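The values are calculated or read from the model by the stated rules, or taken from the named source; none is laboratory data. Quick caveat, the model's predicted, so the values are computed rather than measured. We place every Cβ from the backbone using ideal geometry, glycine too, and count neighbours over all the protein chains shown.
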Amino acid sequence: MKKLLTLLTFTTLFSGAGITSLAQDEVVVNDSNAEAALKLALILQEMDTLSADVEQLTLDQDGREIQEFQAKLIIDKPDHFYWEIQSPYSESIIANGNRIWRIEPDLEQVTVEEFQNDAGRNPLLLLNGDAELLAGSYTIAAAELELGNRQRFILTPTAPDSQFERLSLTFAENVIQEMQFESSLGQKTSLSFSNPEINAVIDPEIFEFHMPEGMEIIDNTGD
């Protein structure tokens, strides 16, 4: 579980192997926080579903690679979520708006909890954000990137106890291309999205959990 939760607990911007420094390729636009939040929300509201391949790279505070894997992401807004690590090991997260299941084949166990639509724990849930929520939770700056007709939004949490220092979302023609974030401990993570499909019809069965044979279930819902 600890390997899988790397995605769910880290954050922001940085230079380092495979992780882009903001200063290298962007020109910051002087929008107000509300204007930048509205720009981001307008992009996000055009996306009802997302399916993409994801490559995640995580560096420690000294810039050393500590994790790299490939995964499949499927989102059906506002609260259906599927995340499957495919290489170099196999683990999954499934959420249907009521429950979230973490499936860990190596440990032969499944952990179930009540689903919380909390982008503070899972930055990918920022893709569900609206302008009011974003502007209330983050200081946001918008940037136009010089290469590839891209736009980047830089989000700095306003809550003093946030797990993240700041994070960024980069879009190419309004399609998510990259997320970068840094934890309060200095670990840096980059998520690169490829083969994105926007607003395709998603089979709802993807978000329902079916108990595999031979697995132990750990129920933390309190039911």
Query raised in the report: Is it the case that the stretch 189-203 has a residue that's out of contact with any helix residue (DSSP H, G or I) (no Cβ under 8 Å at 6 or more places or on another chain) and more than 20 Å from Trp83 (Cβ to Cβ)?
Result: no
Query raised in the report: Restricting attention to the stretch 144-195, which residues are of a type in the set (Gly, Ala, Ser) and either in contact with a Gly (Cβ under 8 Å, 6 or more places away or on another chain) or closer than 23 Å to Gly63 by Cβ (or both)?
Result: Ala159, Ser162, Ser168, Ala172, Ser183, Ser184, Gly186, Ser190, Ser192
**Report entry** Considering residues of the stretch 127-149 that are modelled with pLDDT under 80 and among the aliphatic types (A, V, I, L, M) only, the residue surrounded by the fewest Cβ atoms within 10 Å (Cβ to Cβ)
**Finding:** Leu147
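Please work out which residue is nearest to Leu50 (Cα to Cα), limiting yourself to the stretch 208-223 and to residues that are surrounded by 10 or more Cβ atoms within 10 Å (Cβ to Cβ) and not aliphatic (A, V, I, L, M).
Top of the filtered list is Glu208.
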Query raised in the report: Only one residue in Ile75, Ile43 is modelled with pLDDT of 90 or more, surrounded by 20 or more Cβ atoms within 10 Å (Cβ to Cβ) and of a type in the set (Val, Ile, Thr). Which one?
Result: Ile75
Requested in this report: Working only within the stretch 139-195, note down all residues that are of a type in the set (Gly, Ala, Ser) and in a strand (DSSP E or B).
Outcome: Ala141, Ala142, Ala143, Ser168, Ala172, Ser183, Ser190, Ser192, Ser194
Query raised in the report: Does any residue of the stretch 195-207 turn out to be surrounded by 11 or more Cβ atoms within 10 Å (Cβ to Cβ), aromatic (Phe, Trp, Tyr) and closer than 14 Å to Leu127 by Cβ?
Result: no
